[in-house]
Amino acid sequence: MKKKLLSALLCVAMVASLVIGCGSKEEAAAPAEEAAAPAEEATEEASADATTYKVGVAIYQFDDNFMTLYRNELESYMKSLETDTVKYDITIVDGKNDMATQTDQINTFITQGMDVIICNLVQTSSAETIIDAVVGADIPLVLINREPLGDTDESYAGILDNPYVCYVGADARQSGTFQGQIVLDLADQGDINGDGKVSYVMIEGDPENVDAQYRTEFSIKALTDAGVETECLVDQVGMWATDKGQEIAATALSQHGDAVEVIFCNNDAMALGAAAAIEAAGRTVGEDIYLLGVDALEECQQMVAEGTMTGTVLNDHVGQSHTAVDVAIKALNGEAIDNYYWVDYVMIK
Ligand code: GAL
């Protein structure tokens with residue numbers, strides 16, 4: 001709207017940009033076509049006229065392999081979308097796996113006048129409080145990675161039913177089913193000792209997280225649905241962490257020895273720990289034990305290729321982070337957004 005006039009009157013433009021300041025709501029509501037300035041306007045003067053959007057990103061915990069890949073990709077992708085006239089001032093904060101800390105961070109984002117907030121909740125049970133605070137301040141909210149059970153649990157029904165809120169993620173049921181499918185595709189279907197059942201150890205992520213619940217449930221469901229008998233030897237919480245995965249696997253292997261045929265881990269970080277425990281116990285993946293993870297971290301893809309891990313499931317951090325950014329930009333441009341955006345998992349074996 002004003003831009004073409006202003007490019008003819010550069011002095012006025014510079015004064016105007018000083019007065020308006022960066023990332024103001026008025027500019028945020030500018031139509032999308034304004035964001036793509038013609039090349040001839042890409043001069044120093046034009047960039048002084050750039051709109052800077054303030055983007056707040058709250059991550060549940062920096063010390064998490066998968067979410068580190070995710071947040072780095074999110075930031076670099078959003079930066080790659082900058083133009084001479086549109087800039088993104090991105091602030092990323094570490095919730096340190098503490099909901100009170102994250103709530104403070106979100107409140108600070110609101111006070112700082114963020115134009116959009118992307119949030120990886122520490123606790124999905126706090127979703128409603130966070131949504132109320134952010135949307136109440138007229139800021140669009142993109143929830144990522146931890147689904148607040150909007151479409152699967154009646155007590156949460158309608159929580160995302162808000163035009164300024166959405167969830168971007170992957171359906172964890174699919175990742176669990178893929179883990180089970182990888183075992184079903186093995187020649188012995190996981191029954192290494194031929195006793196008619198698959199005896200397994202389950203190492204779970206944070207139990208408050210639907211990813212952990214669904215992966216635990218659907219990996220075994222895939223086996224039982226196919227008529228395979230299963231026996232749970234150990235089911236423990238490893239909180240997504242390598243050291244806990246190692247500890248749980250080591251204890252399970254020393255308690256149950258050769259009876260352990262399959263170790264299911266809700267993520268690759270814990271599978272890396274389990275792999276170390278398997279090696280220390282003198283067992284060999286692919287020969288006398290199977291090991292499954294989720295995420296497809298680079299080192300785990302390598303292990304699957306070498307046979308030191310049976311399989312994993314690609315948790316597409318690139319697809320998810322790009323979708324989250326694209327949706328955030330839509331919201332910044334005042335375009336309508338959906339409540340859910342799903343990105344598929346991919347089986348790796
Ligand atoms: C999962 C991922 C885990 C962990 C978790 C955090 O999707 O598989 O490795 O990052 O998210 O919520």
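A short reminder: the numbers here are calculations on the coordinates, not readings from a lab. Values in this document were obtained by computation on a predicted structure and should not be read as measured data. Here the Cβ positions follow ideal geometry from the backbone for every residue, glycine too, while neighbour counts run over all protein chains shown.
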With no solvent and one point per C-alpha, what does the Debye sum give as log10 I(q)/I(0) for segment 173-314 at q = 0.12, 0.13, 0.14 Å⁻¹? -0.37, -0.44, -0.52
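For ILE92 and GLU229, calculate 0.36 nm times their separation in residues minus their Cα-Cα distance, and state this gained length in nm to one decimal. Could the numbers behind the result be given before it?
Values: separation 137, 0.36 × 137 = 49.32 nm, distance 4.60 nm.
Contour length minus the Cα-Cα distance gives 44.7 nm.
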Extension gain (nm, one decimal) between GLN236 and THR308, 0.36 nm per residue minus Cα-Cα: 23.7 nm
Using a Förster radius of 41 Å, what is the FRET efficiency between ASP185 and ASP338 based on their Cβ-Cβ separation? Nearest 0.05, please. 0.75
Neighbour net charge for GLY293 - beta-carbon separation under 13 angstrom, K R +1, D E -1: -4
At a 10 Å Cβ-Cβ cut-off, how would you order HIS322, HIS256, fewest neighbours first? HIS256, HIS322
Note, ³J(HN,Hα) from phi for segment 265-280, Karplus 6.51, -1.76, 1.60, rounded to Hz, x at Gly and Pro: 10, 5, 8, 6, 4, 6, 5, 4, x, 5, 4, 5, 5, 4, 5, 5
Ordered by fewest other Cβ atoms within 10 Å, a rough proxy for footprinting exposure, CYS166, CYS232, CYS119, CYS265 read CYS232, CYS166, CYS119, CYS265
Note down the magnitude of the dipole of segment 93-249 about its Cα centre, charges +1 on Lys and Arg C-beta and -1 on Asp and Glu C-beta and zero elsewhere, to the nearest 20 debye. 240 debye
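Please tell me the relative contact order of segment 173-314 in percent, rounded to the nearest whole number, where contacts are Cα pairs under 8 Å and at least six residues apart.
Computed value for segment 173-314: 25 percent relative contact order.
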Have a look at segment 257-297 and give its Rg and Dmax from the Cα atoms, expressed in angstrom. 9.7, 28
What FRET efficiency comes out for the pair THR108/GLN301, r = Cβ-Cβ distance, R0 = 35 Å, nearest 0.05? 0.40
